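Peer 1: The structure is given below, and queries will be raised subsequently.
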Amino acid sequence: MKSNNLETIYVMWLREMKRFLRAKSRIIGTLLLPFFFLLAVGSGFNSGFSLPGAPPGVNYLNFLVPGILGMTMLFSSMSTGISVLWDKEFGFLKEIMVAPVKRFAIVLGRIAGGVTTALIQGILILILSLFLGFKMVNLPSFILALLFMFLIGIGFIGFGVAIASKMEDTQGFSLIMQFVVFPIFLFSGAFFPVINFPGWLRPIAYLDPLTYGVDGLRSSLIGFSQFPLFLDLIILLIFGSLMVILGSWLFSKTEI
Amino acid sequence: MQIFDEYDIMKTLFMIRVENLTKKFNGFTAVDNISFFVNKGEIFGFLGPNGAGKTTTIKMLATLLKPTKGEAKICGFDVLKEKENVRKSIGIVFQEPALDNRLTGFENLDFHARLYGLDKETRKKRIEEVLNLVELQDKAKILVINYSGGMQRRLEIARGLMHYPKVLFLDEPTLGLDPQTRHRIWDYILQLNQKEKITIILTTHYMEEADYLCQRVGIIDFGKIVALDTPQNLKNILGGDVISIEVFPPERAFEIFKTFSWVKKINRCNSIINLNVEQGEKKIPLLMKIDQKEAGFEIKSVNLRKPTLEDVFLYFTGKTIRDGEASQEEKNKMTMRGRFRR
Ligand SMILES: Nc1ncnc2c1ncn2[C@@H]1O[C@H](COP(=O)(O)OP(=O)(O)OP(=O)(O)O)[C@@H](O)[C@H]1O
Ligand SMILES: [Mg+2]
């Protein structure tokens, strides 16, 4: 039974990888937006500019890269999670649902595939940013950053699966992007420290799980953060577990 | 005691046993209290117009929809309580395509084989076997998005067979295919049934398909099974012959034909009146004896034939299968338009 679940996870992962490697335009498309942000926003502030709330001497590009990394993980993960909807639309979901396998294993497989592809994209962005002048503190910091990227990925794929399981068709897709994904990105403090939000907006930022993801990335990559590292870790762990459970549960109840 | 033993034997012989199965969607009854069984090794068909409840029935049997009421067992496994065992025992080809068209044909089969837990060697051997069966060997490495409709259908049938299912469900296996492809698929289905000893349950709204393939046919209309027997027995119910008369005005002729004692059943479809009679060749002269001027109608043509399943369908439902479809086509057009508007 156990090996059967592993095989299910593996085959879902394999499918995700094959589709990912074949969709060259998708890879370039998802990398372009974060790259433009780095180029246009990151280089717009010159090095003499000091950001309120940030420690003096931190170059804005260095401050921005972790935020953009969080954004890349968010967008990539949400689109993998929501891709359940496309499987529904193209009928392939029926093939998956009628197979004699555990539904939670299917969701875990999708998460495994989605996290892998999101990590690949995140790492590519990180490499690109090195060329633009980004400086990491040291190599171990990169390992810690990978852990944060991983947790962000799991959480938002689970969230995406949960949303997609509740939706009938792909009509609401752009609505979700505009009213869920973008706000999560914009309120996460990717562009400037969360404490710069006016007091009445701050709670929203504190409720946004990506805030802790970006903060954790910043803490590991450039050694600047607002919350203690372990707080970021614990909140992301809780968020991730909750979303995986919620996603699996809603997915397993889907009728088609 | 004796009775119980026999009952147990019967149970093992039936691959599918359905009792009082019902499905309601928000108060609308799509499948209405149906009961039937399917024997081991049988090809069983559901014949019915669009919206009759065929797909809903299949989805309940395949554990994808929860029945509102009733019970169903596949290979002795309950579709509600033993989902996983049911899923292992069945293969299914859905009415709408269910392939990943960003993968190749081979990859779709490989994905399926792994999901069903086939080991490496069996996978390799079986993929080759099923590809050969549906003659897709040389297309295996092509992305499914580049397959024609018929090729996709064949690939889906091949996939449904991968894991040696005991029961294969085919939901409208030849819908929308050209006659040549349709005949090829019929041949595969017969081959499967004979070579692999698979029990097959299919749905269709093509009369010839049900007639040609199925050992027994259930006619389903508005969610109810209105008749169930071998195609031959169903036709025998009508007995004798069918006389189709094209007549004008049909309303008037209908009233008159109705009164003849030798007419077993009469129905009208536009200007054609169908009479079910014994020894039709002897009844045509009787028709000719009617003074058409006096009766106030004119017979344009007369046709004598043995009943087909089409006639059986008309007999039991009071409409041709195409009547039901006309309105469905309208519906489809509406949804198409709806889609474009989005
Ligand atoms: N998920 C659903 N929600 C509400 N109504 C449904 C649902 N699925 C099916 N129905 C309705 O149930 C009825 C039977 O549908 P079903 O798909 O079983 O028909 P069918 O016999 O397979 O027809 P077709 O030949 O068009 O495939 C139809 O009236 C359909 O509109
Ligand atoms: Mg159907």
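The values are calculated or read from the model by the stated rules, or taken from the named source; none is laboratory data. The structure presented is a predicted model; accordingly, all values stated were derived computationally and were not measured. No Cβ is skipped: glycine too gets one built from the backbone with ideal geometry, and neighbour counts run over all protein chains shown. When the accessible area is computed, the model is the full protein with side chains, heavy atoms only, and any ligands, DNA or RNA have been set aside. Shrake-Rupley method; radii C 1.70, N 1.55, O 1.52, S 1.80 Å.
Peer 1: Accessible area per residue for region B:240-306 in Å², computed with a 1.4 Å probe and the full protein assembly in place, what is it?
Peer 2: 59
Peer 1: Chain pair A, B: how much accessible area is buried, both chains summed, with a 1.4 Å probe, in Å² to 100? Can you show the working numbers first?
Peer 2: Numbers: alone 12350 and 18140 Å², together 27760 Å².
About 2700 Å² of accessible surface is lost on pairing.
Peer 1: Output wanted: per-residue J couplings in Hz (rounded whole) for region A:73-87, from phi through Karplus 6.51 cos²θ - 1.76 cosθ + 1.60, θ = phi - 60°, x for Gly and Pro.
Peer 2: 5, 4, 5, 5, 5, 4, 6, 5, x, 6, 5, 3, 5, 5, 4
Peer 1: Then there's this: What's the FRET efficiency of B:I290 with B:I237 using the Cβ-Cβ distance as r and R₀ = 25 Å, to the nearest 0.05?
Peer 2: Here the calculated transfer efficiency is 0.35.
Peer 1: Over its Cα atoms, what ratio of radius of gyration to 2.2 N^0.38 Å does the protein assembly as shown give?
Peer 2: Scaled against compact globular proteins, the figure is 1.27.
Peer 1: Sticking with this one: Per-residue HN-Hα couplings for region B:139-155, Karplus 6.51 cos²θ - 1.76 cosθ + 1.60 at θ = phi - 60°, whole Hz, x for Gly and Pro?
Peer 2: Calculated HN-Hα couplings, in order: 9, 4, 9, 9, 4, 4, 4, 9, 7, 7, x, x, 5, 4, 4, 5, 5 Hz.
Peer 1: Do any trypsin sites (Lys or Arg not before Pro) in region B:139-180 lie in a loop, going by DSSP, with at most 10 other beta-carbon atoms within 10 Å of their beta carbon, and if so which?
Peer 2: B:K141
Peer 1: Charges only on Cβ, +1 for Lys and Arg, -1 for Asp and Glu: so what's the dipole of region B:240-306 about the Cα centre, in debye to the nearest 20?
Peer 2: The dipole of region B:240-306 has a size of about 200 debye.
Peer 1: With charges set only on the Cβ (+1 for Lys and Arg, -1 for Asp and Glu), what does the dipole of region B:99-210 come to about its Cα centre, in debye to the nearest 20?
Peer 2: My answer is approximately 380 debye.
Peer 1: Rounded to the nearest 20 debye, what is the charge dipole size of the protein assembly as shown about its Cα centre when +1 sits on each Lys and Arg Cβ and -1 on each Asp and Glu Cβ?
Peer 2: So the dipole magnitude of the protein assembly as shown works out to roughly 680 debye.
Peer 1: Let me ask you something else. Using Cα springs under 10 Å in a Gaussian network model of chain B, which residue among B:I198, B:I245, B:I225 shows the largest mean-square fluctuation?
Peer 2: The residue with the greatest mean-square fluctuation here is B:I245.
Peer 1: Using the structure shown, select from B:K197/B:K235; B:K54/B:K141; A:K253/B:K73; A:K18/B:K73; B:K69/B:K235 the pairs with a Cα to Cα distance greater than 29 angstrom.
Peer 2: B:K54/B:K141; A:K18/B:K73; B:K69/B:K235
Peer 1: Still on this structure, please answer the following. What net charge do the residues around B:D211 carry, taking every other residue with its C-beta under 15 Å from that of B:D211, with Lys and Arg at +1 and Asp and Glu at -1?
Peer 2: Neighbour charge sum, excluding B:D211 itself: 0.
Peer 1: In the protein assembly as shown, if the dipole is taken from +1 on Lys/Arg beta carbons and -1 on Asp/Glu beta carbons about the Cα centre, which of B:H183, A:P198, B:P173 is farthest to the positive end?
Peer 2: Final value for the positive-end residue is A:P198.
Peer 1: What's the Cα-based Rg to Rh of region B:240-306, Rh via Kirkwood?
Peer 2: 0.91
Peer 1: Next question. Provide the gained length on full extension for the span B:S244 to B:D78, in nm with one decimal, where the gain is 0.36 nm per separating residue minus the Cα-Cα distance.
Peer 2: 55.1 nm
Peer 1: At 1.002 mPa s and 20 °C, plugging the Kirkwood radius over alpha-carbon pairs of region B:184-323 into Stokes-Einstein gives what diffusion coefficient in µm²/s?
Peer 2: Diffusion coefficient, whole number: 128 µm²/s.
Peer 1: For region A:202-218, in order, what is each residue's ³J(HN,Hα) by Karplus, 6.51 cos²θ - 1.76 cosθ + 1.60 with θ = phi - 60°, in whole Hz (x at glycine and Pro)?
Peer 2: With the stated coefficients, region A:202-218 comes to 4, x, 4, 4, 5, 7, 7, x, 5, 3, 6, x, 5, 5, x, 5, 5 Hz.
Peer 1: Still on this structure, please answer the following. How far is helix A:2-22 tilted, in degrees, relative to the longest principal axis of the Cα atoms in chain A, given as a value from 0 to 90 rounded to the nearest 10?
Peer 2: Computed tilt is about 60 degrees.
Peer 1: Distance in nm between label sites at B:F316 and A:S174, each 7 Å beyond Cα in the beta-carbon direction?
Peer 2: 4.8
Peer 1: Go ahead and run the numbers for FRET between A:I127 and B:K195, Cβ-Cβ distance against an R0 of 51 Å, rounding to 0.05.
Peer 2: Rounded to the nearest 0.05, the efficiency is 0.40.
Peer 1: Between A:L237 and B:K40, how high is the FRET efficiency from 1/(1 + (r/R0)^6) when r is the Cβ-Cβ distance and R₀ = 30 Å? Nearest 0.05.
Peer 2: Details: r = 53 Å, r/R0 = 1.76.
My answer for the efficiency is 0.05.
Peer 1: Among A:L175, B:L80, B:G160, which residue has its Cα positioned farthest towards the positive end of the charge dipole of the protein assembly as shown, with +1 placed on the Cβ of Lys and Arg, -1 on the Cβ of Asp and Glu, and the dipole taken about the Cα centre?
Peer 2: It is A:L175, whose Cα lies furthest towards the positive end.
Peer 1: Charges on Cβ only, +1 for Lys and Arg, -1 for Asp and Glu, centred on the Cα centroid of the protein assembly as shown; of A:F20, A:F148, B:L118, which one is farthest towards the dipole's positive end?
Peer 2: The residue sitting farthest along the positive end of the dipole is A:F148.
Peer 1: So who's got an amide H within less than 5 Å of the one on B:V247, skipping anything under 5 residues away but keeping other chains? H placed 1.01 Å off N, in plane.
Peer 2: For B:V247, the qualifying residues are B:I273, B:K300.
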